[in-house]
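Here's the structure, in structure tokens; my notes come after.
Values quoted throughout were computed directly from the atomic coordinates according to the rules given, and no laboratory measurement underlies them. On a predicted model such as this, the values are computed, not experimentally measured, just so you know. As a convention, Cβ positions derive from the backbone with ideal geometry for all residues, glycine included, and neighbour counts pool all protein chains shown.
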Amino acid sequence: MKTTAVVGLGLIGGSIALGLKDARTVRAYDVDGATRAAARNRGLDVAERLEDVLPADEVVVATPLPGIIATLDRVVPLAGRAVVMEVGSLKAAVAAFAERAPAEARVVGLHPMAGSTASGFTAADPAIFRGRPFLVVPTARSDARAMAAAGDLARALGGEVTVCSPGAHDRAVAMLSGVPLAIAIALARAGADVAHLAGPGFEGATRLAGTPPELARALLGGDVKDALARFRAALDEVERELG
């Protein structure tokens, strides 16, 4: 049976570990002791140290976006020939990491286009992946085995696989995640004085404004300014149509 190590048990990592545990041998780790205890209570095999999740056939790095490269720096030297996937929402830095990774490393990006404004292991739910796109992003250290492993993991979780380059991925995420987040934040601010009167339309449109600040800052970087310029042009067009 394939062994999958999951490093980071937030919403995405926790959901991946829970979604795979009945079909594979899953070992998991998180830096937070309370999270480790909660994961054990839901039937996961949780290590006390990152090093103890290895050896494995593959490692999924699911730490918060700002810490992914530091985690890869720790994981890749320990992983040997295991496939290392990371599931962060931006890939340019991962592509740069792969360029300097050892030649024997196998590193591939994998991004499930799924989630919630809730965060942490308590919100983990494998159902968030079902029918959702999984973007598989090759790097300089992605061979055929790494690409196949990423695709297999996505399909095991009920996802639908699309392969794209790091640049194409980050441009897509800027429009699909960054712009809606920026709009939600702006709308929540603009409508703050009447929000107490809001119905489901306003509440739904501003839902993303509740995204955890650390993740929000990361998602509003990269190509988001260019994507916002495209959105402004489309908004101007709508305004002109109003007469």
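If amide H atoms are built 1.01 Å from N in the plane of the peptide, which residues on other chains or at least 5 residues away come under 5 Å of the amide H of R106? Amide H neighbours of R106: V84. Inter-label distance, A118 to A37: 2.1 nm, where each label sits 7 Å from its Cα along the C-beta direction. 3J(HN,Hα) along the range 128-139, derived from phi through the Karplus expression 6.51 cos²θ - 1.76 cosθ + 1.60 where θ = phi - 60°, amounts to 5, 8, 5, x, 8, x, 10, 8, 9, 10, x, 10 Hz, with x in place of Gly and Pro.
Out of V224, L153, A205, whose Cα points farthest toward the positive end of the dipole of the chain (charges: +1 Lys, Arg; -1 Asp, Glu; placed on Cβ)? Value: L153.
Coupling constants for the range 217-231 follow from the phi torsions by the Karplus curve (6.51 cos²θ - 1.76 cosθ + 1.60, θ = phi - 60°), and in residue order they are 4, 5, 5, 8, x, x, 8, 5, 4, 5, 5, 5, 4, 5, 5 Hz; glycine and proline get x.
Given the -39500 (n - 2.57) contribution per DSSP H run of 4+ residues, what per-residue ellipticity at 222 nm results for the chain, rounded to the nearest 500 deg cm²/dmol?
Numbers: 10 runs with 104 residues, N = 243.
Helix-only estimate at 222 nm: -12500 deg cm²/dmol.
Where the only charges are on Cβ atoms (+1 Lys, Arg; -1 Asp, Glu), what is the dipole of the chain about its Cα centre, to the nearest 20 debye? Charge dipole of the chain: 320 debye, to the nearest 20.
Simple rule: put +1 on each Lys or Arg Cβ and -1 on each Asp or Glu Cβ in the range 1-128, find the dipole, and look at V61, T122, P112; the Cα lying farthest toward the positive end is P112.
Of the trypsin sites (Lys or Arg not before Pro) in the range 8-70, which ones lie in a loop per DSSP and count no more than 12 other C-beta atoms within 10 Å?
Values: sites: K21, R24, R27, R36, R40, R42, R49; in loops: K21, R24, R42, R49.
Sites meeting the loop and neighbour criteria: R49.
Of the GluC sites (Glu not before Pro) found in the range 90-164, those that fall in a DSSP loop while having at most 10 other beta-carbon atoms within 10 Å are E104.
The length gained by stretching the chain between A229 and L176 to full extension, at 0.36 nm per residue less their Cα-Cα distance, is 17.7 nm. Which whole-number percentage describes the relative contact order of the range 22-108, with Cα contacts under 8 Å and a sequence gap of 6 or more? Relative CO of the range 22-108 lands at 23 percent.
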